[in-house]
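Beneath this line is the structure, given in structure tokens, with notes to follow.
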Amino acid sequence: DAKTTQPTSMDCAEGRAANLPCNHSTISGNEYVYWYRQIHSQGPQYIIHGLKNNETNEMASLIITEDRKSSTLILPHATLRDTAVYYCIADGFQKLVFGTGTRLLVSP
Amino acid sequence: DTAVSQTPKYLVTQMGNDKSIKCEQNLGHDTMYWYKQDSKKFLKIMFSYNNKELIINETVPNRFSPKSPDKAHLNLHINSLELGDSAVYFCASSGRDRGRADTQYFGPGTRLTVL
């Protein structure tokens, strides 16, 4: 699995967009980029994943650079319930390797 | 409807005891996992089963023995519990897509405290 680097923490005002960056410069061609989050004391929750193209679902958007060395998770209108640790994972084979993630604090 | 469920939610026990944590998924997935999250919040995979067959064993001590009676269940049995086993244990399941780790659905976790 490729190593990922994320900021330790970020703040966001409620209602604003939260843009969470992730570097994965050693990602290989067949590795997907996955985003999960963990709200306090709960199990991790899948958000979105992508390979090359940008992706959007009901929770978020994923922007992957053309060289695939970095990506950004966008929560378009952050709410207080989006406060969580967000994990960016460059998938290898059969398993997810969680790093330290970004602690996102959404404030009123 | 609970997709991935674990029992018990909390488990407090003495050192040296043997305990089990149960996991069930109703998603029809073929693959199930156990993860451990320690006090520093690092989340690490322990085991993975696909159709009742062990496919990942991440250098976990032999005291940990996963058992999969069918593909909807993956239980974790721990012998001779040690203080360092205190952690939150998460079960997860996923569908398979040509062997790639697919979207995983996690259970609510079991907080194990060894005294």
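The values are calculated or read from the model by the stated rules, or taken from the named source; none is laboratory data. Note that the structure is a prediction, hence the values are computed from the model and not measured. Positions of Cβ are backbone-derived with ideal geometry, glycine not excepted, and every protein chain shown enters the neighbour counts. Side chains are part of the model used for accessible areas, which takes the heavy atoms of the whole protein and leaves out ligands, DNA and RNA. Shrake-Rupley method; radii C 1.70, N 1.55, O 1.52, S 1.80 Å.
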Any hit, segment A:46-54, residues being under 23 Å from B:THR110 (Cβ atoms) and crowded, with 18+ Cβ neighbours inside 10 Å: yes
Hey, does segment B:105-112 have a residue that's facing chain A (nearest Cβ under 9 Å), within 24 Å of A:TYR32 (Cα to Cα) and over 12 Å from the mean Cα position of the chain (by Cα)? yes
Taking the residues in segment A:81-105 that are facing chain B (nearest Cβ under 9 Å) and open to solvent by less than 10 Å² (accessible area, probe 1.4 Å) as candidates, determine which candidate is modelled with the lowest pLDDT. A:ASP91
Looking only at strands (runs of 3 or more DSSP E) that lie completely in segment B:10-114, which have at least 3 residues being under 21 Å from A:LYS95 (Cβ atoms)? B:19-25, B:31-37, B:43-50, B:53-57, B:64-70, B:73-78, B:87-97, B:100-106
Identify, please: which residue in segment B:36-80 is without any contact (Cβ under 8 Å) to a residue 60 or more places away in the chain and hydroxyl-bearing (Ser, Thr, Tyr) and is, among those, most open to solvent (accessible area, probe 1.4 Å)? B:THR59
